[in-house]
1. Does the range 138-165 hold any residues that are surrounded by 19 or more Cβ atoms within 10 Å (Cβ to Cβ) and of a type in the set (Gly, Ala, Ser), and which are they?
2. Anything in the range 91-118 that is surrounded by 16 or more Cβ atoms within 10 Å (Cβ to Cβ) and more than 21 Å from the chain's Cα centre (by Cα)? List them, or say none.
3. Looking at the range 13-26, I want the residues that are on the phi < 0 side of the Ramachandran plot and have a partner that is assigned to a helix (DSSP H, G or I) and surrounded by fewer than 11 Cβ atoms within 10 Å (Cβ to Cβ) with Cβ atoms under 7 Å, at least 6 apart or on another chain. Which pairs are those?
4. Based on this model, can you work out whether residue 135 counts as over 17 Å from residue 75 (Cα atoms) and among the hydrophobic types (A, V, I, L, M, F, W, C)?
5. For residues in the range 77-90 being part of a helix (DSSP H, G or I) and open to solvent by less than 100 Å² (accessible area, probe 1.4 Å), which is modelled with the highest pLDDT?
Amino acid sequence: MTDSVDVLNMLKLVYTLYTLAVISLIGWFALGVVNPKGKPRILKPATFYTYVGALITVGVAIHIVTFNKIPWVEIDFKRDSLKAAQVVNITIEDHKFMLPSPKIELKCNEYVLFDVTSKDLTYGFGIFRQNNSMVTQMQVVPGSKNDLMWKFGKNGVYHLRSTEYSGPKGANMYIKDVFEVKGCAEDDKYSQKGGSL
């Protein structure tokens, strides 16, 4: 599975280039309205709309090409046929995470089901790397089934925090170094002590 940091870095580059192409369209249109000599310059509509059509095609192609690179897409589409190797039951109440144990060890490349129940408010459940970049998250709504299936592909130590506003106390909903993934051939360089983006 592709790492979310790799996807984010790729998308930064792709969307920067795409944005520059769109800005060039705006500049081209502005030059077509008035040129430096003060006379309007007429662009052929066919040329202009061909460029717009090319931008639309490239924009749609970006989404089609990156669709299967997003880490959670495969899990979401195959969810009905996937079986979790490990289930982690977590309850949230009064702005506190209640975990099955203080440290939870997860195995590499095995599906983990985080089954989270809220007893009172809407909270967030987010797994974060050591550099505080997010791995995955979900909203936890009371009275609803809230579960998240994930597969870790790199060794690392991860934090847990609420990603949803649940009042001023929600800012303190943070547990450091609660999840540890072991057994992978590769380390998550952003989830090792001292890792940074």
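1. 156, 162
2. Matches in the range 91-118: 92, 95, 97, 99, 104, 117, 118.
3. none
4. Details: over 17 Å from residue 75 (Cα atoms): no; among the hydrophobic types (A, V, I, L, M, F, W, C): yes.
Spelling it out, it is not the case that residue 135 is over 17 Å from residue 75 (Cα atoms) and among the hydrophobic types (A, V, I, L, M, F, W, C).
5. Quick first cut of the range 77-90, residues part of a helix (DSSP H, G or I) only: 77-81.
From the residues that got through so far, the ones that are open to solvent by less than 100 Å² (accessible area, probe 1.4 Å) too are 78-79, 81.
On the way: 78: 84, 79: 84, 81: 90.
Looking at residues that are part of a helix (DSSP H, G or I) and open to solvent by less than 100 Å² (accessible area, probe 1.4 Å), I get 81.
The values are calculated or read from the model by the stated rules, or taken from the named source; none is laboratory data. These numbers were taken from a predicted model, which means no experiment stands behind them. Please note: Cβ atoms are built from the backbone with ideal geometry, for glycine as well, and neighbour counts cover all protein chains shown. Ligands, DNA and RNA are excluded from the accessible area calculation, which covers all protein heavy atoms including side chains. Shrake-Rupley method; radii C 1.70, N 1.55, O 1.52, S 1.80 Å.
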